[in-house]
Amino acid sequence: MALLELAGIHKTFEKGTVNENHVLRGLDLTINEGDFISVIGGNGAGKSTLLNSIAGLVTIDEGDIRLEGKSIRKDSVEKRAKAISRVFQDPRMGTATNLTIEENMAIAYRRGKKRSFFKNAVTDKERELFKSVLSELGLGLENRLKTDAAFLSGGQRQALTLSMATLVRPKVLLLDEHTAALDPKTSEMVMQLTNKIVKEQKLTSLMITHNMEHAITYGNRLVMLYHGKIVVDISGEEKKNLTVAQLMELFHKNSGQELTDDALVLG
Ligand SMILES: Nc1ncnc2c1ncn2[C@@H]1O[C@H](COP(=O)(O)OP(=O)(O)O)[C@@H](O)[C@H]1O
Ligand SMILES: [Mg+2]
């Protein structure tokens, strides 16, 4: 079943100026319930703009975005956030550094709930839930609930952000190069945690990555963006059998760009 439909999306930045930039050019994408999609493409292809359009940070000029058949095009970022969670590249974006781990978790937990005043102290019941969720990460964060998020490493913060983004099961999880700012080992750790959470909660997810190994290994579907359109859409067995070399070849075929121009980065 189609969970999220993007139909004929156009976005131009700085319209009518010398910097006019037609980024999304009639993009169509139907995302099924349970799809875990890797999104790849060169720098400036429009990947982040696509995710920002879904989240509502970017207002599209043309086309429609439907969640479970209903248009969310005119909905605010806040309204969409009740169903759509996000994790960004920068570990500092996802957590409030002046708040403790449990306070961060509480904000995520109470999101969209009535009477969700943050000034209310974290309850014992909430604390137990947070502990059990955090212990799943295997990082010992469950024993540091009163620690300020500021004291966590980049990897720990991304893991915490992932837990927060999925604490209340989102209908759609958006990941924008969420492991790119981490060292290779930590990036693997966060990627594996991501996979575990997505599988366990049967989440529908769009994951932008510049890591070709990750794009191939994880998820059931892979799409390639070029000039604001989906130019490759591979799933099932075809995706499972894909090699990095074949992916590079596909990229070359669709963009005319060579591997060497650093458009894509190998993991
Ligand atoms: N808010 C914005 N205002 C103006 N230009 C933007 C904005 N966001 C993105 N762009 C431009 O749109 C193009 C696509 O950006 P982006 O979607 O971030 O690409 P990607 O994530 O694929 O690297 C880039 O040229 C970028 O500079
Ligand atoms: Mg981007």
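Please treat every number below as a calculation from the coordinates, not as lab data. Every value quoted in this text rests on a predicted model; they were computed, and no experiment measured them.
Please figure out what share of the DSSP beta bridges in the chain is antiparallel and state it in percent, rounded to the nearest 5. All intermediate terms of the calculation are to be shown ahead of the outcome.
Working: 23 of 41 bridges.
Bridges in the chain that DSSP calls antiparallel: roughly 55 percent.
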Using alpha-carbon coordinates, inclination of helix 154-167 to the longest axis of the chain, degrees: 80 degrees
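What whole-number volume per residue, in cubic angstrom, does the convex hull of the C-alpha atoms of the stretch 129-267 give?
125 Å³
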31 Å Cα-Cα threshold exceeded, pairs from LYS202/LYS253; LYS113/LYS146; LYS131/LYS199; LYS70/LYS196; LYS74/LYS125; LYS82/LYS196: LYS202/LYS253; LYS74/LYS125
Descending semi-axes in whole angstrom, ellipsoid equivalent of the chain, from the Cα gyration tensor: 32, 22, 17
Two-decimal log10 I(q)/I(0) for the stretch 1-77, as the Debye equation yields it once each C-alpha is a single scatterer, q = 0.17, 0.25 Å⁻¹: -0.66, -1.29
